[in-house]
1. Given the criterion more than 21 Å from G275 (Cα to Cα) and not aromatic (F, W, Y), identify the matching residue among M375, M369.
2. With respect to M296, determine if the residue is under 29 Å from E18 (Cβ atoms), under 17 Å from the mean Cα position of the chain (by Cα) and in a helix (DSSP H, G or I).
3. For the stretch 279-296: of the residues being farther than 25 Å from L350 by Cβ and hydrophobic (A, V, I, L, M, F, W, C), which is surrounded by the fewest Cβ atoms within 10 Å (Cβ to Cβ)?
4. Could you count how many residues in the stretch 257-293 are in contact (Cβ under 8 Å) with a residue 60 or more places away in the chain, assigned to a helix (DSSP H, G or I) and of a type in the set (A, V, I, L, M)?
5. As an exercise: evaluate I244 against (1) under 30 Å from L210 (Cβ atoms); (2) in a helix (DSSP H, G or I); (3) not charged (D, E, K, R) and give the number of the one condition it does not meet.
6. Go through the residues of the stretch 100-120 one by one and say whether even a single one is buried (at least 24 other Cβ atoms within 10 Å of the Cβ), within 17 Å of the chain's Cα centre (by Cα) and either among the aliphatic types (A, V, I, L, M) or in a helix (DSSP H, G or I) (or both).
7. Against the definition (in a helix (DSSP H, G or I) and touching a Gly at 6+ places or on another chain (Cβ under 6 Å)), how does V154 come out, yes or no?
8. Would you check which residues across the stretch 318-329 are crowded, with 18+ Cβ neighbours inside 10 Å, among the hydrophobic types (A, V, I, L, M, F, W, C) and assigned to a helix (DSSP H, G or I) and list them?
Amino acid sequence: MNNLLALLIISAVYYIGEFIGTKTKAWIPSVFVIAILFLAGYWTFFPNDIVDLAGLGAPLGGTMAIMLCITHMGTIISVKQLLEQWKVIVITLAGLAGMVAACWLICIPTVGKEYVVAGLPPLTGGIVAATMMNQAALEKGLTSAAVLAIAMYVCQGFAGYPLTAIMLKKEGKMLISKFRLSESIEESSLANIDESTGNIVVEEKEKKKLIPPTPQKYVTTAFILLKLMITAYIASILAKFTGINQAVWALILAIIFTEIGFLDKDSLNKANSYGFLMFVLMVYIFSGLKDATPAMLQEAAVPLISIIVVGVAGMFLTSAAAGKLLGISWNMAFAVSLTALYGFPPNYILTEECVNALAKTHEEHDYLMNNLMPMMIVGGFITVTITSVIIAGLFINML
């Protein structure tokens, strides 16, 4: 297989997932379909290095795409929105606590402590936690537990994708119904009409930035990407000095730099680069399925399924309870907690896919994005980037 054929096959697989996601209006998420197709491909005719052959492997598909996309995330969240998401942090932590407690009480007696200790950190987050537990288990000669850690990482999305899609669709329908009702009331009684044109006047307040805007003729794709990379590079330096993950710094710096005017709002879309970089990043993530061989999945099947089912059930109960106490619907509370099963960028794509399926106008699209996206992004960031690594660090000592 040559480079062009590899990229052709990957592009076809990715588009099939997108087509099915659009055709079913996100009831069958594109990421779920793509993951199934990649898994089937690796089990049949895909070479293990098909993503590298297509030119989408590391470092482009790894560090580069991840840091650019995470920095971009910071350009779509305002400081005000971030401060407003404290409830999401409480809900996600409650959800993770419920997941850990349920697995500890139910799964340890049924599948064994080693499997639970090795499998729980990856279930609460992403590849970093999975790698930590895999290496720790191998060092102690616990091969089956090591296999479970990786299998959990590559398979947990199969539970998270469809459940999240259902929760977001329910929440989105409720929000859009309220928006359409309030919009009709506003247009009929509160709208400010320009008597000379008959158009509705919309007042927009432009917030003054510390750094004045660059003249539009100089704002090119390269210029926007340059500023994103400057931010990402500073984040990598801060990570070395503080020991805090560079992704955490990238998000924090991007939010600050957007507020002061250094970074453009919605940077990657403004640079016409978001779609391509998201494609690269998602393909790179799905390349992890090459490790999920039939033998691996068969060996880890019972503990894998048990931990996922029990863990997700525990997560649902505690996140829904926390959501009720904080005035957040159980649909949304469960959705933000489920980000632990996949993180970024699937949380972004699942939300965007849901919004595109429900919104009929640009205003409805913006309304849904503003209400759903910040919560999903913060949820994924708290679970995958921060909490899962902490949990893994604690659980390593329990093996």
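The values are calculated or read from the model by the stated rules, or taken from the named source; none is laboratory data. Remember, it's a predicted structure, so these values are computed and weren't measured experimentally. So basically every Cβ, Gly included, is an ideal-geometry build from the backbone, and we count neighbours across all protein chains shown.
1. Result of the check over M375, M369: M375.
2. Answer is no for this residue.
3. The extreme case among them is A295.
4. The number of residues fulfilling the criteria is 9.
5. Every condition holds for I244 apart from (2).
6. No, that holds for no residue.
7. yes
8. Those that are crowded, with 18+ Cβ neighbours inside 10 Å, among the hydrophobic types (A, V, I, L, M, F, W, C) and assigned to a helix (DSSP H, G or I): A320, A322.
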